[in-house]
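Since every read-out is calculated from the coordinates, none of them should be taken as a lab result. Bear in mind the structure is a predicted one, so any value in this text is a computation, not a measurement. Note: ideal-geometry Cβ built from the backbone for every residue, glycine included; neighbour counts use all protein chains shown.
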Amino acid sequence: MNQRDLEILSSYLDGQLSPSDSTRLESRLQSDPELVSVLDDLRAARTLLRKLPRRRAPRNFTLTRKMVGLNPPLPRAYPAFRFATVVATLLFFFTFGLNALAPQILQSQSPAFGMGGGADAPAESELFSQQAAPAMPAATEAPALAEAAPTEAPISAADLAPQPTAIPSSEDTARAIETPVEKNAEAGNVEIQNQPQVVDEAQRPAPFIPSVWLTVFAVVAMLGAIFMALMRRSSMSRWK
Amino acid sequence: MNEQTLIADAQHGNLDAFNSLVLHYQDSVFNTALRILGDEDQAADASQEAFISAFKSISSFRGGSFKAWLMRTVTNACYDELRRKKRRPTTPLEPDTDDGEEMDSPRWLADPNMTPDQQLEADEVEHAIQHCLDNLPLEFKTVVVMADIQGMDYIEVAAAIRVPLGTIKSRLARARLRLRECLQGFAELLPASYRLEGGMKAQ
């Protein structure tokens, strides 16, 4: 039994063949017992399938609004209220945050400007390192010589080393390095003393954004939220 | 209210109209799912999912046979259920007999209009057919369930699973032949009334 004949028999069973194809098949069926046998088999299978008991649904599959995430239709103005509320809330938090952070930002920036010599500091340190450079070989020579003559007295080693020149130079360097630190510390102290005044001045007379705006944003956000809630409630009650 | 009006209302978001359609088609949908999945609970889950999905996508229905469109949704839900089952296989929960063995045909589904003998006979036939259906490839099973169990015509089946008419004819013929071969293994089990009908004879 080829696939084509099988399809023809199955379609014939369902009355899906054209009249001419049906007539041709019927004449073949009269002379071909194998075709008849397969047709009987197909019919038997179909009959059994049709005999399968039809089950009733175990429960109703009707849907609830919750199941399909259906919301009541909201007024046309609702999106505008939502937009205004979101924008007002964002602006409120932004301005609130800005006002809270602005004094701190100004404060953190002021010592840098207040130092005055801050920009000169790297140049100074370069200068110090250049001054320190000649002293360094001298300082390293001393232990080297000390190792070369371990049997000699320490005094002789000290005599050989160019200590008189090396030591003062390194001391000078140390002093020179300390100086800007002290200067910085002094400048810092001056700033610390000035700080309370700066903060007071920044906060008291004028916040970064006038506080009236904060109030406006908060009121708009709250009113928007209240209106939105009322709209939802009225839509829901109308829907029910 | 006729079906077209209900569909049009449902397309405008009217859930009550859609629920009228659900009540009309829920037995067909459940039976299709049951024969494809072979499990009551899974068939119920798939049916519910199918209706939810149908409501959400009803705007895509552009006319033609609503039943065919719905059957497409059900078969998709069944395929999803089968994929889920493959990932998380479960043990079927069937009641035990008095001697502690699982019953093949749960009696809670008994039809009160049948005598015990008739019920036993019907259970055995159903069990044999479902067993043979379960052994069919999925694409054959879907076609045979729609055509022979739901009584849909070839065009409806082709619309439901979106394959050419020729493919439907071919799958249906091969599915019927395979079922016939499978059911022959149950020939002795099947009651005489089922065996004799339709030329079901031993070869």
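General remarks:
- Relative contact order of the range B:1-88, defined on C-alpha pairs under 8 angstrom at six or more residues apart (%): 28 percent
- Theoretical FRET efficiency, 1/(1+(r/R0)^6), r = Cβ-Cβ of A:Asn71 and B:Arg88, R0 35 Å, to 0.05: 0.60
- For the range A:23-32, the Karplus equation 6.51 cos²θ - 1.76 cosθ + 1.60, evaluated at θ = phi - 60°, returns couplings of 4, 4, 5, 4, 5, 5, 4, 5, 10, 10 Hz by residue, with Gly and Pro reported as x.
- Table column - 3J(HN,Hα) (Hz), the range B:17-34, Karplus curve with 6.51, -1.76, 1.60, x for Gly and Pro: 4, 5, 5, 5, 5, 4, 4, 6, 9, 5, 5, 4, 5, 5, 5, 4, 4, 4
- Calculated on alpha-carbon atoms, Rg and Dmax of the range B:1-88 in Å: 13.1, 43
- Residues of the range B:155-173 with an amide N closer than 19 Å to a point placed 7 Å from the Cα of B:Arg62 along the Cα-to-Cβ direction: B:155-165.
- A:Leu98-B:Glu139 FRET efficiency (beta carbon distance; Förster radius 60 Å; 0.05 resolution): 0.40
- Amide H partners (placed H, <5 Å) of B:Asn14, local residues excluded: none
- Spin-label pair A:Ser37-B:Val163: with each label point 7 Å from Cα along the Cα-Cβ axis, the two points sit 2.8 nm from one another.
- Translational D in µm²/s for the range A:3-50 (Stokes-Einstein at 10 °C, 1.306 mPa s, Kirkwood Rh from C-alpha pairs): 146 µm²/s
- The modelled label-to-label distance between A:Ile209 and A:Glu26, using points 7 Å beyond Cα along the C-beta direction, is 8.9 nm.
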